[in-house]
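The next block holds one structure in the form of structure tokens; read it before the comments.
The values are calculated or read from the model by the stated rules, or taken from the named source; none is laboratory data. For clarity, every value in this text was computed on a predicted model and none was experimentally measured. Here the Cβ is made from the backbone with ideal geometry for all residues, glycine too, and neighbour counts use every protein chain on show.
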Amino acid sequence: MPLALRFVAHSEVGLVRKNNQDSAYVSPTMLVVADGMGGAAAGDLASAIAVRELRAVDAERTGADMLDALEEAINAAGAAISELTEADPRLDGMGSTVCGAMFDGSRLGLANIGDSRAYRYRDGEFVRLTRDHSWVQTLVDEGRITEAEALEHPHRSLILRVINGQPNHLPDLELVDAAAGDRLMICSDGLCGFVTDEVIAARMDGDREAVLASLVDLALHEGGQDNITIIVADIVEGEPEGTARVLGAAASLDLDNPLETTGEQPPVAPAAGPRPGPEDAELIRYAPLARRRASSRVKLLLLVLLPLLAIGAGGWAWYSYVQRQYYLGADKETLAIFQGVPQQVFSVPLSHVVVPDTTRVADLPLYYQEQVRGTLPAESLDGAKQTLDFLREKAAACIKQREDRQNPTPSPTPATTSPSPSVTSTTGTPAATGTPNGSPSPTPTPTAPTTPEAPTEC
């Protein structure tokens with residue numbers, strides 16, 4: 001019996017964000033999740049472009065042809081994003097993750113760039129098929145933090161590789177075997193960025209529609225702080241079912257006029273999650289009635305005192321808030337940790353340097369230069385110091401790469417020389433050897449240096 005995909009998918013704005021910057025695409029031969037980044041710089045547009053290019057290569061393919069098609073589409077998406085950014089500088093900074101799979105009836109062709117994820121659930125074992133291209137994943141791989149700590153890290157959203165027009169940002173490509181009974185789950189970090197793999201695994205049994213609803217509910221229960229996009233697909237024996245479908249930003253944007261349709265969209269009501277009950281609604285409805293019982297004298301006193309108390313409390317709260325804020329930024333030409341917020345009030349800065357550093361901003365990879373100049377917030381001084389250590393490492397690596405390119409080491413060709421004649425001393429001292437006067441010493445002939453490999457980030 002042939003194998004086929006049976007799938008369900010959902011994409012929504014969540015409980016916090018103002019618009020949905022995720023996009024998705026499902027068909028009997030392709031599953032894709034794209035998570036746009038860039039905020040006001042059109043992350044929704046970037047993810048929609050990624051989905052558009054991947055849809056264009058959706059066809060019946062086999063083996064390595066699937067990987068070639070996925071790579072071609074991702075490169076095309078990067079080129080399209082680059083063109084739009086050049087045409088409108090306001091879009092500078094937009095990009096998108098992509099986690100997608102093509103299916104040929106026996107294998108999956110996987111493509112991944114960024115921190116959206118693909119999982120496989122087989123015989124009760126839940127396995128992550130992709131690796132995040134994020135800073136916290138690097139820390140996990142190095143053993144510096146655990147997977148659980150990664151979910152709470154202040155810079156868990158910092159991505160090292162995305163589709164943004166940079167030619168060195170390449171996807172991971174892999175062929176994965178498929179078997180009847182396999183369940184695939186592909187999601188944006190609106191789910192996996194807030195929930196551990198163990199908790200997700202516990203929700204994978206059962207009807208796929210029910211599993212999808214359970215996972216959406218789980219993401220909302222954790223706060224719904226990001227857009228939520230999830231695909232659940234089963235590999236079964238039989239004929240393909242289901243029609244191609246586009247979800248999220250890609251379903252609402254007019255890519256023929258992208259700059260006119262991108263931006264904030266009205267929040268979409270979540271498909272699942274807590275709703276205000278009737279008791280809560282009644283409390284809100286009748287709350288104003290209690291204030292009517294206050295006497296005029298009390299009202300007058302409150303009118304005088306409350307503004308004063310509010311100003312005093314607000315000022316103290318603001319001061320306390322500012323003192324708890326830290327961020328990394330540029331102190332002229334070098335890195336520094338600042339305490340406060342990167343704003344001014346009446347030309348008075350609300351931050352100051354607490355940890356200076358000698359690392360030059362210009363020595364960082366271009367991506368991090370942009371991040372630093374835009375400031376990198378941290379939830380604590382310790383978190384800011386961790387970020388500073390990471391940036392020092394990146395700067396050192398870039399300095400070495402640049403030095404290697406500028407000062408390649410030549411490989412000298414050994415020269416063959418004939419033995420020098422001996423000169424006999426007339427005083428009976430031992431004979432001295434040397435090159436006769438007038439004969440130049442052989443000069444090593446350098447070979448052409450090998451051009452070093454282009455750096456991946458510098």
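Some notes on this structure:
- Exclusive hit being among the charged types (D, E, K, R) and buried (at least 18 other Cβ atoms within 10 Å of the Cβ), set ARG117, ARG128, ARG122: ARG117
- Number of the condition not met by SER11 [criteria: (1) free of Cβ contacts under 8 Å to residues at least 60 places away in the same chain; (2) surrounded by 19 or more Cβ atoms within 10 Å (Cβ to Cβ); (3) not hydrophobic (A, V, I, L, M, F, W, C)]: (1)
- GLY224 under 20 Å from the mean Cα position of the chain (by Cα) and either of a type in the set (Asp, Glu) or closer than 17 Å to ALA118 by Cβ (or both): no
- Of all residues in the stretch 24-44, those that are within 22 Å of GLU86 (Cβ to Cβ) and touching a Gly at 6+ places or on another chain (Cβ under 7 Å) total 6.
- Residues that are buried (at least 17 other Cβ atoms within 10 Å of the Cβ) and at pLDDT 90 or above, drawn from the stretch 77-93: ALA77, GLY78, ALA80, ILE81, LEU84
- Single match in LEU388, LEU350, LEU328, LEU381 (criterion: modelled with pLDDT of 85 or more, touching a helix residue (DSSP H, G or I) at 6+ places or on another chain (Cβ under 9 Å) and either closer than 30 Å to GLY95 by Cβ or not assigned by TED's automatic domain parsing to the domain that holds ASN168 (or both)): LEU328
- Residue selected from the stretch 14-40 under the condition touching a strand residue (DSSP E or B) at 6+ places or on another chain (Cβ under 8 Å) and assigned to a loop (DSSP other than H, G, I, E, B), by the criterion nearest to ALA59 (Cα to Cα): THR29
- For the stretch 109-118, the criterion of being among the hydroxyl-bearing types (Ser, Thr, Tyr), at pLDDT 95 or above and touching a Cys at 6+ places or on another chain (Cβ under 8 Å) is satisfied by at least one residue.
- For the stretch 248-265, the candidate set comprises residues that are farther than 14 Å from VAL51 by Cβ and outside any loop (DSSP other than H, G, I, E, B); within that set, the residue that is modelled with the lowest pLDDT is THR261.
- Elements of type strands (runs of 3 or more DSSP E) contained in the stretch 92-158, each with 3 or more residues being under 19 Å from the mean Cα position of the chain (by Cα): 98-103, 107-113, 117-122
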